[in-house]
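Beneath this line is the structure, given in structure tokens, with notes to follow.
The values are calculated or read from the model by the stated rules, or taken from the named source; none is laboratory data. This is a predicted model, so every value here is computed, not measured. Counting neighbours? That spans all protein chains shown, and the Cβs are built from the backbone with ideal geometry, glycine included. SASA here: full protein model, heavy atoms, side chains in, ligands and nucleic acids out. Shrake-Rupley method; radii C 1.70, N 1.55, O 1.52, S 1.80 Å.
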Amino acid sequence: MDLGISGKRALVCASSKGLGLGCAEALAEAGVNLVMNARGAEALEKAAVDIRARFGVEVVAVAADITTEEGRAKVLDAARGIDILVTNAGGPPPGMWTDWEREDFIKALDANMLAPIALMKALVPGMMEKGWGRVVNITSQSVKAPIAVLGLSNSARAGLTGYVAGTARQVAPHGVTINNMLPGIHATDRAVSLDTGVAQQQGITIDEARAQREATIPARRYGTRAEFGAMCAFLCSQHAGFIVGQNILLDGGAVNATL
Ligand code: NAP
């Protein structure tokens, strides 16, 4: 399918690895020029070189922490006038509901709620002026069904989801869509670190922890970054202009709900 977005420009945040990289690759395959971002310059440059070589698109790589004002300023400088924004950042650490203090919540809110909001505030007005734009926020299945050990994620992402629900309807008249993608467990470094936490907690191997977590998913496997990226590219395509303010779950059926 021709996604109709060849030649457009996208900012994909936190995209040297994992789900962000999957989104960057799928957009590049659709002919979209990229601004890619991550904190670590080496992995980011490697990903940028690989994408330029495989898809022949322009890639500007900006090594910066997207959760800080200074980091965002660097990224936004390179992303002026973009057509597509994919927000993403690392997820907060696991723990017990009694563990977290105010500072922990502020950190989670900065990373997983306030950073994407700041990016939308900076970039959506330009999209509205042009009469076309796409925003996809990477959130989590924890928005639909809380994950006990990820209370910081449950909280911060719920706040972003509420903001998007109200904002998406206000910018839609200008040809701009905002939607959220809610990953269940995908085979990325983040999944390995959560597998490792389960293994340590239960005194089992990482493979056993993975098998245990896979058994909770009706598809009986983790998702891939390519599957995730393909959905992201579709939501950014010309065909998705009527999809507004939605929360799209990609979880192999893990959330047991009718709607
Ligand atoms: P990942 O494999 O660990 O990759 C994270 C990517 O983001 C890396 O490129 C990392 O590079 C970059 N990054 C992290 N913090 C950043 C920051 N502050 N500023 C800029 N770049 C940053 O993680 P993932 O699995 O793709 O997860 C992406 C998001 O989806 C996370 O918020 C995660 O909580 C959420 N999620 C993931 C899953 C899953 O199963 N994978 C499930 C639900 C939700 P640097 O470290 O070099 O910055």
Query raised in the report: Which of the residues belonging to region 169-199 are more than 13 Å from the ligand (Cβ to nearest atom) and under 17 Å from the mean Cα position of the chain (by Cα)?
Result: THR177, ILE178, ASN179
Requested in this report: Consider ASP251 carefully, then state whether it is among the charged types (D, E, K, R) and more than 19 Å from the chain's Cα centre (by Cα).
Outcome: no
Query - Number of the condition not met by TYR163 [criteria: (1) open to solvent by 60 Å² or more (accessible area, probe 1.4 Å); (2) among the aromatic types (Phe, Trp, Tyr); (3) more than 17 Å from the chain's Cα centre (by Cα)] - result: (3)
Query raised in the report: Which of the residues spanning region 110-139 are open to solvent by 30 Å² or more (accessible area, probe 1.4 Å) and outside any helix (DSSP H, G or I)?
Result: GLY131, TRP132
Report task. Filter region 59-73 down to the residues that are within 9 Å of the ligand (Cβ to nearest atom) and over 16 Å from LYS107 (Cβ atoms), then identify the one that is least open to solvent (accessible area, probe 1.4 Å). Result -> ALA64
**Report entry** Scope region 108-144; condition under 11 Å from LEU85 (Cα atoms), touching a Lys or Arg at 6+ places or on another chain (Cβ under 9 Å) and hydrophobic (A, V, I, L, M, F, W, C); matching residues
**Finding:** LEU119, ALA122, LEU123, MET127
Requested in this report: Answer yes if at least one residue in region 88-97 is under 16 Å from the mean Cα position of the chain (by Cα), open to solvent by 40 Å² or more (accessible area, probe 1.4 Å) and closer than 28 Å to LEU249 by Cβ, and no otherwise.
Outcome: yes
Requested in this report: For region 233-248, state whether one or more residues are within 11 Å of the ligand (Cβ to nearest atom) and either surrounded by 19 or more Cβ atoms within 10 Å (Cβ to Cβ) or not small (Gly, Ala, Ser) (or both).
Outcome: no
Query raised in the report: Looking at this structure, is ARG221 touching a helix residue (DSSP H, G or I) at 6+ places or on another chain (Cβ under 8 Å) and either among the β-branched types (Val, Ile, Thr) or free of Cβ contacts under 8 Å to residues at least 24 places away in the same chain (or both)?
Result: no
Query raised in the report: Which of the following residues is more than 10 Å from the ligand (Cβ to nearest atom), more than 15 Å from the chain's Cα centre (by Cα) and within 25 Å of LYS130 (Cα to Cα): ALA78, ALA48, ALA53?
Result: ALA78
Report summary line: Going through region 22-50 in order, the residues found to be within 15 Å of MET231 (Cα to Cα) and either open to solvent by 20 Å² or more (accessible area, probe 1.4 Å) or out of contact with any strand residue (DSSP E or B) (no Cβ under 9 Å at 6 or more places or on another chain) (or both) are GLU25, ALA26, GLU29, ALA30
